[in-house]
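Since the structure comes first, as structure tokens, the remarks are kept for the end.
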């Protein structure tokens, strides 16, 4: 006889959007990324970023914009772990030329290919 095991309650759709939006804004603020940089990373208008910061617009993690936001947050968490939470070191790494990535990470983050390359690189450093 099979037993029915109830699934744990899932995050509400609105809660997931709120958590992702807050994490994205916090990461961007720590790294001092401007609205125009974040707009390029997510592929949205600067006004969209302004509305997010004003808590009027949430990111749906199931959209392309949401997937890019998740990757950006993942990059933040990985670099933060690698640097031991030293934000100044993280910013120095972001704005310095990286020979493996063949570019400046902060600039690379502004394209889908570059964002992915930075995440893969940081995952490799962390041993994932």
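Every number here is computed from the coordinates shown, using simple stated rules; none is lab data. These numbers were taken from a predicted model, which means no experiment stands behind them. Here the Cβ is made from the backbone with ideal geometry for all residues, glycine too, and neighbour counts use every protein chain on show.
Using alpha carbons only, how many degrees (0 to 90, rounded to 10) separate the axis of helix 112-126 from the longest principal axis of the chain?
It works out to around 90 degrees.
What's the ranking of 98-108, 40-50 by average number of surrounding C-beta atoms within 10 Å, highest first?
Values: 98-108: 14.7, 40-50: 17.3.
So the peptides 98-108, 40-50, ranked by packing, come out 40-50, 98-108.
For helix 13-30, report the angle its Cα long axis makes with the longest principal axis of the Cα atoms of the chain; keep it between 0 and 90° and round to the nearest 10°.
Once rounded, the angle reads 20 degrees.
May I ask for the angle, rounded to the nearest 10°, between helix 64-82 and the longest principal axis of the chain, with both axes built from Cα atoms and the value confined to 0 to 90°?
So the inclination is approximately 70 degrees.
Under 8 Å for C-alpha pairs, at least 6 residues apart: give me the relative contact order for the chain, rounded to a whole percent.
It rounds to 23 percent for the chain.
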